[in-house]
Structure formats: structure tokens, C-alpha cells
1. Anything in region 538-567 that is farther than 13 Å from Leu471 by Cα, aliphatic (A, V, I, L, M) and open to solvent by less than 10 Å² (accessible area, probe 1.4 Å)? List them, or say none.
2. Say we look at region 713-756 and pick out the residues that are at pLDDT 95 or above, assigned to a loop (DSSP other than H, G, I, E, B) and open to solvent by less than 30 Å² (accessible area, probe 1.4 Å); which of these is nearest to Trp314 (Cα to Cα)?
3. For residues that are farther than 20 Å from Lys352 by Cα, small (Gly, Ala, Ser) and crowded, with 24+ Cβ neighbours inside 10 Å, tally how many sit in region 252-294.
4. Looking at region 464-482 only, could you name the residues that are in contact with a Leu (Cβ under 6 Å, 6 or more places away or on another chain) and either among the small types (Gly, Ala, Ser) or part of a helix (DSSP H, G or I) (or both)?
5. For region 173-198, enumerate the residues that are surrounded by fewer than 24 Cβ atoms within 10 Å (Cβ to Cβ) and of a type in the set (Gly, Ala, Ser).
6. Report every pair of residues separated by at least 6 positions or lying on different chains whose Cβ atoms are under 7 Å apart, first residue within region 149-165 and closer than 14 Å to Leu205 by Cβ, second assigned to a helix (DSSP H, G or I).
7. Which members of region 346-356 meet the condition of being assigned to a strand (DSSP E or B) and within 17 Å of the chain's Cα centre (by Cα)?
8. Identify, please: which residue in region 459-488 is open to solvent by less than 10 Å² (accessible area, probe 1.4 Å) and charged (D, E, K, R) and is, among those, nearest to Val356 (Cα to Cα)?
Amino acid sequence: MRGVKQALALPILLATSFAAWAVPISVAPVASQEVSGSAASGFVLGGGSDGSVAALAVSVVGGEAAAEQALEGKATAVPHGLGSVVLGGGAALGSIALLGGGSASGGSSAVGGRSRIRPAHQPRVKLDSSELASTPKPTSWYDGLDSIKVLRPSDSDAQKVVHEIWSQQESWQGHFNDKRYAILLTPGVYPANFSIPVSYYTSVLGVGLRPNQVEIDAAWSTNGPNGHATNNFWRSFEGLTLRSPSVTWAASQGSPIRRSVINGKLWLSDETGFASGGFMADVKAKGTVMTGMQQQWLFRNTDLSGGVLCPNGWNYVFVGVMGVGPEAYQACAGGVTAKVTAVPATPRIAEKPYLVQEEDSTWNIYVPTFFANATVGATVDHSANWERKLSLESDVFIAKPGDTAETMNRGIQGKKGLLITPGVYEMVRPLVINTTGFVVLGLGFATLIPTSGGAAVEVADGLSDVRIAGLLLEAGTPKSHGATAPLLRWGAGKFGGITGGKGAAAADDLAAKVGPYGRALGGSPAGTQFGAAPTGVLSDVFARVGSFNYRGCPIVRADTMVEINSDDVVLDNTWLWHADHDDCGTDPGLHLHVVGKSDACYSEHGLVVNGDRVTAYGTAAEHVTGGNMVDWTGDGGEAYFYQSELPYHNDSFSRAGYVGYAVAPEVKSHAAYGMGVYIISGTAQSRGGYLMPPTARVQNVMTVVVIGDKEQFQNTVCVVKGGDGSGDHCLKPETCVPASRCVLTSLPGWVLTARLFLDNDRGASDGDGLIASASAWHSSFLLGLVSLPLLLVASVLAHDRCRISDRARGRQCNRTFGENMMEDFQGDIGSWAGLLGTAGRASAHWGGAGSRNGEPTLSAKEARGLVPCE
């Protein structure tokens, strides 16, 4: 979102003032001695000159690089869980330096934990220096990575460390740089007043199993240099308990809050200046949540026991939230139509995988349970809400800056997971995932950049329960290359993709567990039949197309950012952004119409969904120029919260008829809740914000014009009946409140009647209120009898064109008119059979080739619409 919105949205946001707001060094069992502070020394044992451990000076240093010291001779390292043992060669031994980090942190840390030193009365142990020389020095998985800071409650310099990161990443110098950081807080209670400012490409991660194991004052973000938070992207915190009485998280897209407890008030903006967020999930907020100047937000599986106040804003969506009742939602809406969308339960979800340092100082990735049944509220007990854990030592390949796709693909062979540490990774080939249950977890906004037209990440077909989380995907292919693969492609697509994987049969063994995750309710608000185990879950995966100075300001392209071709995939917080500002010519400050090199880059779609039963929570797609922002052709899709900003430096987008969110006309079932499409500026005249089939269930969709006239959106929704737009029926808004924010709360009654005929494989028991009474059905039946001749006429007139799906079936445009008409009509009449049966459910199988139970054999994901015959 643009930083210029501060001067744009006063007429639209309802301006309201809100003043109120240790590891044993063990040759034999020994006693324990507490070591505190970041450094301790003076553990001196007996002397000797025969090569035995007789006189050792010991120092314990927390959280620093290995300090190898030898008083004389050659220094030799011996492995220890705590760090490095450095022994001098020759007749006398030097010193032992024990460094925190690696496994020596958390409950057994050398700093703030317990360090066990061999007492002097134990027998001497002869050490052969030649054997010592061949012993590898132990390293922690994060050793040598400046991008990872592991902090402990006893670290005296912790505040200095986090402020140094913040000062480097804050403001415009951090906006598009190549630095990435993960601040890992080991379990414990941190000192009073320890708080962490969070800026670009920084994640603050509590690495306890439960959020109450890591307690700090605050993690916070405030307005940027433009006086607003509309450019506060790519930052996050999770796994924390915040004890401050008031915390501010003024942020926008790509800045999630997860798996945390907030004891005091939470401000989602500063008291002045706009923000364009946002997303939180699996959060317990005990104090009041104040949305402030936020334009939009998605709350998923949160406990808001302190309530929520919403003085401004356009679009707030609550999915599976506890602690907020009808009266509170009504107060949040403040009389503004469609400002609040409340969905009682989350139909299916798995929370994001996360990193844990155990009490024995080992490290694991925990993979939360997938719930196929609906849930409400935040996780009750994280120690019970996990399906499996992956050991960093044995199960996970750890990628570090300098690794390529080749090294990653080799490294993950035989592994169960991939941990990508903070950094920028340019890739000539894609990272390929072809194992069921595989986990990819990025830290600190690890950035993958494909440079040769391929994908950054490919996921094979036929897999189950794959998890991909915490990645930033960036276009790096030169625009002159021509068409590119999606930055992330799940399942085979038009470029071929990966069509087979290992362990697909194991999917039958992966079943959802109903554990201590709020309340399991069962059912789906959209009536779709989702399997017990998902194909996979995407969590906090962001993508961008743009020209940035740290890469030399190239002109790049990514035709599609994310493409989902497999069925039963869940997307949980995605932001797909064609840059509308950069550091290669676009003024990143206050000037709206200064065009930069990012405007010369190319993108066609933010998200393409061809798979069936795909569920998306918290999707944003912005400024794509060459096609619809979202193109959805799969059946049974559900979208909960959507935000889109049309390209305002390129009016050709709207002139070409593209929209912010498009669902193919052949789709039989689609649900969309709490959707917003915006024009910031420019002279574009858009036919509408959305294209929807008549079968769609819609709740609260809106268009907003920030600078300009609301009539620039000629309609709110166009109900599509053919790919060429010839049969579309476009709908005006119900109301515009305030003046440039126009909404439809649902599709009107005639569209629901149409769905009765077209969506015959869903009956009145779906719970969607299509047939409220026998009289309503009777009226629809009569309308159908009257409309049947019109359907026949329309079928005849339509057959001077052929469907793309015809070509996929092997049908040709040069077939006779009668052959084409009869094949399609057989499918069409099947839809009517549902009406003539029992309350819209087909009572007979109609049609021949190309028809099954009254619907086309070819799925909707292969049918893109109508095109002229060649």
C-alpha cells in the first residue's frame, strides 16, 4: 500500500479521535554450579604437565562467537554441548572456553542456566593430542550467521542488539535492502523494560513450546518517516507473551502476529496516521484491541476477551473468534454497512510450524495439528497441539546464505524438513518438494529469487500435509526472457510442473486430530467436503515483483506469483505485490504519481487457483498489470478476507476489463467473505471490482475510490455467464458509506435462484439458506418452467463459439453446430434435472459423453470460459 494514503483517505475512513488507548562438561558426574551473566570465569582445577586435564582455566561466555584461546602450542578443539573446549598442545594445557549458543541455551544454558564443571578431585584423564586434533569442533546450527540473534534473559547486551538491528532496518534505508534478521528469544522472563522495536525484514520469535515461556515487555512497530504505517511491511512477531500495559503494532501487509499472548491493550495503529494491515492468528488478547486508523484487518482464531474497538476503517473480518459477541460486533461496525464480517468458526486450518529450543537445549520444528473440522478461538495448550516434530540435528536440512537450489534439493533428500535461515537466495532452478509431510520453514523473511524463468518453489502433485511457511518470493527473471513459471506452483500447471511425488499413499494415514484447539464444531460454512488431511498449508508466504536497488534495479517479470493446481490446499496469510514504489526511481515518500522502474516490470496474476476446495484466509493482491489480480477456476473455493489495490500508474488494466477478483463462470461453488478492491488514484474506469458466477455465496464485498469518483467503479460485482462477458449481469452497490466506499452485502435473490438450477449437486441441507421454505422452492420452480425456452434459445445462440474446455476434451471448433450444441445441452439439461428432482438435487443421470450426474465431466478448473472459434 502506498505511503501517500495519509493525505487520501480522510473522506473515507471515519475519522474519530481516540485519546484513551548450562551443559555438562562431563567425564564423570559432577555437582552443579550456577553461572549467571553473559560471562563468568575462574573455575580453576588442579595442575599437570603430562598432557592430562590437570590445570584448566574455564570461561563461560553467552551468545557470542567461539573465543578459542591457547596459552602455548597448537590450539585444539574438543566437542562439548556448551561450546568449544580449547586445549594447548605441548606440555602444558591452555584454557577451556565454553560459549553459550548452540545447544547451551534455554533451560540448560551456560548463561542463566547451569554449567557443570568437572571438580578437581576426579581422576585425571589422559588426552592424546593427535586424537584431539582430528576431533571436529562442535557448532550450533546458527553459528556464523549474523542474521540470527539468539538472546537469553540474562544477556546484558540484549537491548543493544535489538536496537542495532532496528536502527539499520528502520526508515527508507531498510525498506528494500538485502538484510534479513530473526531474533530468537530463548525461554525465560526477560528483564523489566526489555522491549523490541521491529522493522523491515525482521521476525521476533519466542522459541519456547508455549508462548507463556517467553515473556518480554513488548514487540512494537510505529509509524514510518511519512507519518503513517502504510509502508510498514515485512515484519512479525510470534511465540511471545507481552506484559506491557499497552503495545502498538502499527503495520500493514506482510506483518503478521501469531501464537502470542498480549496482556495489555493492543493498538493496531498509532493515534494518528493511517495503516493498511493486517493479520493475526492464534492470539490471546486480554486487553482491549483498538483498530485505530487501520483500513482493514483479519482476526483468525483469536481470543479477544478484552474486547475490540473500531473507530475507523473499511473492512474488518473475524473468523473463529472468541470473546466478541453480537453487540460488540455491532459497536465495532458503528452503523457502517458491511464494515464487520463475522464468521463463527474457522472451517479448516493448521497453524504455522515453529522453532522450539527444548529444555535439553536441542532444537526442533513443531508442526501443528491440522483440523479438518471447524474451530473457534486460540490454541488452549500448544504442548498438545502438534502432529509431529522435526529434529534440526537429524530431520532437517538447514539452508544458509550462499546455498543454491541445487544444494537445497540435494540436502533435503532423506530429510523431513528444510529450514531456510535469513538471507537472499538467487535460484537458477526451483526448490522441489516431492515428499508427503515435508515442511519448509523460512526465518526472518528468507527471500528466494528465481532468475531464469522458473519457479522458486515447486510442490509435486499427489502429496499430503506439506507445510510451507515464512517465505518472501521475489521476481528475478529479466522481462526480456518471456513468459515465466509462477514464483510458487503447487501441482502441475500449464508449464508442466512436478507431477509425481514420494509417499503419496501415506496420505490415507494422515488424519486430522481434534485436540485442545478451542472448540471443535464440525462442518463447513460453505458446504464443501474437505478431506481429513490437507494437501498442504501455506502460512505467511509473500511475493513481490519490482525493481530494487540492492539487485541493481533490474526490469523483471513474474507472470503469476502463486499458482495452486492441487486440490485441498489452505492458504493462510498471503500478500502478492507488484511494487507501486521502489528505490529505483519511484519516490518512496509523498508523491503519488512519480513512476519508477517497477512500473516497467510485468506481472499477470497475483494468485491463480485451479485446484478444488482451496481455502484462503487473509489474501492481498496489488497492482498487477496484465490480468485479473486473482483468477479462481477451482470448485468449492472459500476466501475469508481479501484486499486488492488496482494499479494506479497503469490505466490499461481497467481498460482491458480486468478486475481485482475473478471467479470463472463454470465454477459451481464459491464463497467470499469480507472483500475489498480499491482505486487509489488515476482516471481508470473499472467495470467492477469482482467477477462472480451466479453460484457464488458472497458476504460483504466492497469497492473504494480514495482519490477520484466512486463512479470509477461502474459496478460492484458482475455476475459472469461466459468468458467473453457477453452474458454478464453487473450489479450496482446497495449503499455507499462513506461516499466513496460502496458495498454489496450479498448477491440479490435472482442470483440465488439461478444457483438453484446450476448448483444441483448441493441440496437444501447445505445450510446456506437457498431454499427457506416450500413456497420459495415453488416460486423457483415456476420461474424455471418459464425460463426453459429462454435457456434453449440461449444455448443455440451461444454455439457460434466453443469452450476452451471443448479443446481439452478433444472437441474441435469445426465440429458441426448440432454436435456441439447437443453435447453441451445434455450437460445443461442435467442441471435442470436437479430442479425437477427433490429440492434441487439431481434425481437421475442425464447426458452422454461429457456429462456426469448433471455436471460436465471436465472440471471447472479446466474450463477458462468462452473464446472465439478459430
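1. At the first step, the residues of region 538-567 found to be farther than 13 Å from Leu471 by Cα are 545-560, 563-567.
Remaining after also requiring aliphatic (A, V, I, L, M): 545, 555-556, 558, 564.
Of everything in region 538-567, those that are farther than 13 Å from Leu471 by Cα, aliphatic (A, V, I, L, M) and open to solvent by less than 10 Å² (accessible area, probe 1.4 Å) turn out to be Val545, Val556, Ala558, Ile564.
2. The extreme case among them is Thr716.
3. Here is the first cut: in region 252-294, the residues farther than 20 Å from Lys352 by Cα are 263-276, 286-294.
Then keep just the ones that are small (Gly, Ala, Ser); that gives 264, 269, 273, 275-276, 287, 292.
Checking which are crowded, with 24+ Cβ neighbours inside 10 Å leaves us with 269, 275-276, 292.
So the count comes out to 4.
4. Within region 464-482, Ser464, Ala469, Gly470 meet the criteria.
5. Hits for region 173-198 are Gly174, Gly188, Ala192, Ser195.
6. Going by the 7 Å Cβ cut-off, the qualifying pairs are Lys149/Val161; Leu151/Ala158; Leu151/Val161.
7. Thr346, Ile349, Ala350, Tyr354, Leu355
8. Arg467
The values are calculated or read from the model by the stated rules, or taken from the named source; none is laboratory data. Quantities reported herein were computed from a predicted structural model and do not represent experimental measurements. Reconstructed Cβ throughout: ideal geometry from the backbone, glycine too, with neighbour counts over all protein chains shown. All accessible areas refer to the heavy atoms of the entire protein, side chains included, with ligands and DNA or RNA removed. Shrake-Rupley method; radii C 1.70, N 1.55, O 1.52, S 1.80 Å.
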